1. Exactly one of (1) over 30 Å from Asp267 (Cα atoms); (2) not assigned by TED's automatic domain parsing to the domain that holds Ile419 is unmet by Asp112. Its number?
2. Examine region 218-227 for a residue that is surrounded by fewer than 22 Cβ atoms within 10 Å (Cβ to Cβ), assigned to a helix (DSSP H, G or I), in the same structural domain as Asp177 (by TED's automatic domain parsing) and at pLDDT 95 or above, and state whether such a residue exists.
3. State yes or no: is Ser297 surrounded by fewer than 19 Cβ atoms within 10 Å (Cβ to Cβ) and either within 30 Å of Ala321 (Cα to Cα) or without any contact (Cβ under 8 Å) to a residue 40 or more places away in the chain (or both)?
4. Is it fair to say Pro156 is more than 19 Å from Cys73 (Cβ to Cβ) and part of a loop (DSSP other than H, G, I, E, B)?
5. Kindly indicate whether Tyr379 is assigned by TED's automatic domain parsing to the domain that holds Gln289 and within 23 Å of Asn77 (Cβ to Cβ).
6. Tell me which residues, restricted to region 344-358, are crowded, with 24+ Cβ neighbours inside 10 Å and either closer than 29 Å to Glu390 by Cβ or within 24 Å of the chain's Cα centre (by Cα) (or both).
7. Would you be able to tell me the number of residues in region 165-195 that are in a strand (DSSP E or B) and either at pLDDT below 95 or among the small types (Gly, Ala, Ser) (or both)?
8. Please name all residue pairs, on different chains or six or more residues apart, with Cβ atoms under 8 Å, provided the first residue is in region 87-107 and is over 22 Å from Lys58 (Cβ atoms) and the second residue is among the aliphatic types (A, V, I, L, M) and surrounded by fewer than 15 Cβ atoms within 10 Å (Cβ to Cβ).
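The values are calculated or read from the model by the stated rules, or taken from the named source; none is laboratory data. This structure is a prediction, so every number in the text was calculated from the model and none was measured. All Cβ positions, even for glycine, are placed from backbone atoms using ideal geometry, and neighbour counts span all protein chains on display.
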Amino acid sequence: MSKHRISRRGFVAGGAIAATSFAFPLPAFAQAAPRVVVIGGGFGGASAARALRRTNPKFDVTLVEQNPTFTACPFSNVVIAGDRKIEAQQFDYKKIAAEGIAIAAQSAVKVDPQARIVGLADGKTLPYDRLILSPGIDFRFDALPGYDEAATQKMPHAYKAGEQTLLLSRQLQAMEDGGVFVMSVPANPFRCPPGPYERASLIAHYFKTKKPRSKVVILDAKDAFSKQKLFQQAWETLYPGVIEWVSQSKGGQVVSVDPSTNTFVTDFNKHKATVANVIPPQRAGRIAQIAGVTDNSGWCPIDPMTFESKLVPNIHIVGDASIAGAMPKSAFSANSQAKACAQAVATLIGGGKPETPKLINTCYSLASPDYGFSVAGVYTPKNGLFADVEGAGGVSPMEVPRSFRADEARYANAWFGTITAEAFG
């Protein structure tokens, strides 16, 4: 099998998502039902809660999530570019609750690892035997001078899907033809490494069809990025002269912003935007900090065998918040990690030793609604982190007919349907 074939039909049919399931026997319990609390209702948390319940229906599983509706980040760039409704990104927790999972519809504000208790915003507490955190990301508003939470209303980040997604879309729609969209991209690590470049591509598609005199500028704190050759080939093919990528070594690193004038300041220049998009530096979600499972990087070190925190026992972390080595911060990664984590937690509760996980991630990107490509990887624990399995995975080939890119765009849509059904459907 050629390397670039690994992420095709088998992934979108759901086979790869199922690949993280293991054949563990169900532990039997004579005592009270083991209590597992899951905080965070995104792809990681929802998948973990369902996997736990399906592993052993006797588990007492509670999912803590303050938002009644989850808004997915994958495909939110299509919403920004005006080709998709936000409602297509939104999912509730009714089917999860129907499986016997308790939903605590509020925020977690405290974790007491010694007492093994989660404190909720209304003052109630949830005891746990094991705690799984899938808190996603928070933004480091102290990391970029001039950019704080108030500035997001003028220079949206749109990197948590929802109101910010719609705000950036409205700004683009209101922009006159001939305007300049400027985006700043932080250094690694951050959520969805190819996301900014997909966003630039789809906005360029919008400009091409609606505002052909407009331009896109990407100010990057890096000299290389995920799927770079594929994106740049797409830009040359679809949008020649429209997208300018300024790398870190060419003066692309933004050192401050001025929301009052939509200005980005770099070491060598100033860039004034008609529409400004700041993707700020990131860290694990706030509850991870409260629980004491973040290190100086702001992210959560884990044991890749079990996803248990290296800092606090009996707390496991999955998804974007975790330090997962070669495994990127993506929805597919969160889903894969969640199911492996659930199996590990079930085994630990039963007094067993978890097997070594082998996880899969695939990531599709769209350069236009009918032009897609992907990267896939297989990962296993090595030296305390997840490492690539040599010879597995692959990336879309460079030299293919346009029909191949159209097929990949269709596979991307099918993948989204599969993973959202897996987590929420």
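1. Checking Asp112 against (1) over 30 Å from Asp267 (Cα atoms); (2) not assigned by TED's automatic domain parsing to the domain that holds Ile419, the one that fails is (2).
2. no
3. On the way: surrounded by fewer than 19 Cβ atoms within 10 Å (Cβ to Cβ): yes; either within 30 Å of Ala321 (Cα to Cα) or without any contact (Cβ under 8 Å) to a residue 40 or more places away in the chain (or both): yes.
Yes: the conditions hold for Ser297.
4. Working: more than 19 Å from Cys73 (Cβ to Cβ): no; part of a loop (DSSP other than H, G, I, E, B): yes.
The answer is no for Pro156.
5. Values: assigned by TED's automatic domain parsing to the domain that holds Gln289: yes; within 23 Å of Asn77 (Cβ to Cβ): no.
No, not satisfied.
6. From region 344-358, those crowded, with 24+ Cβ neighbours inside 10 Å are 344-346; that's our starting set.
Of everything in region 344-358, those that are crowded, with 24+ Cβ neighbours inside 10 Å and either closer than 29 Å to Glu390 by Cβ or within 24 Å of the chain's Cα centre (by Cα) (or both) turn out to be Ala344, Val345.
7. Within region 165-195, the subset in a strand (DSSP E or B) is 180-185.
Adding the requirement that they be either at pLDDT below 95 or among the small types (Gly, Ala, Ser) (or both) leaves 184.
Counting residues in region 165-195 that are in a strand (DSSP E or B) and either at pLDDT below 95 or among the small types (Gly, Ala, Ser) (or both) gives 1.
8. Filtered contacts from region 87-107: Gln106/Ala121; Ser107/Ala121.
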